[in-house]
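The next block holds one structure in the form of structure tokens; read it before the comments.
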Amino acid sequence: MLATAAAKKIYRNCIEDYLDRHGTSIENDTYDVLVISGGMGEGHIPTIALTEMIRLVKPGGCVCIIMRQEYLTYVAEYTDRLEPCMDQLVDLGWWKREERTVVSNYAFGKPGVVFVYRVNRCGAPPVTCLTFKQ
């Protein structure tokens, strides 16, 4: 997929990396928008990567996460962790929730949930500021 994207010559940068606790080589505050669609699920992007998402997006920019709603309750990584972590980052002033919408028939006839957050601050929240269940 990355080669296909690069071949289109419409992207300045094509980067292959993982969103997890290690952080990427991308500079702070690089993007206006970060969209995750199909990246959340069993064995996919971990909750702790929310801090990296914030780091990558400029203040005033948006982070959009679209995922199957059922993952919030049956994927161990997200159960009682993902939304509490999102809320904690709101409480700490790193971002503001703009939207949380449940959509019907998102994938395979199952509902999805759309989260939209507006980033408030530069850089990344320290992982140590998060107190969600680990």
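Annotation: amide H of residue 95 within the under-5 Å range of 90, 120, sequence separation 5 or more or interchain, hydrogens built in the peptide plane.
Using a 10 Å Cβ count of at most 12 others and DSSP loop calls, identify the longest part of the chain lacking such trypsin sites (Lys or Arg not before Pro). By the stated rule (loop sites, at most 12 other Cβ atoms within 10 Å), 22-132. Normalised by the number of residues in the chain, the average gap of Cα pairs under 8 Å and 6 or more apart makes the relative contact order 25 percent. Normalised by 2.2 N^0.38 Å, where N is the number of residues, the alpha-carbon radius of gyration of the chain equals 1.05. Ordering 122, 64 by the number of other Cβ atoms within 10 Å of each residue's own Cβ, fewest first, gives 122, 64. As a proxy for reagent exposure, 62, 14 were ordered by neighbouring Cβ count within 10 angstrom, fewest first; the result is 14, 62.
Quick note: the coordinates plus some simple rules give every number you see, no bench work behind them. Source: prediction; values computed, not measured. Please note: Cβ atoms are built from the backbone with ideal geometry, for glycine as well, and neighbour counts cover all protein chains shown.
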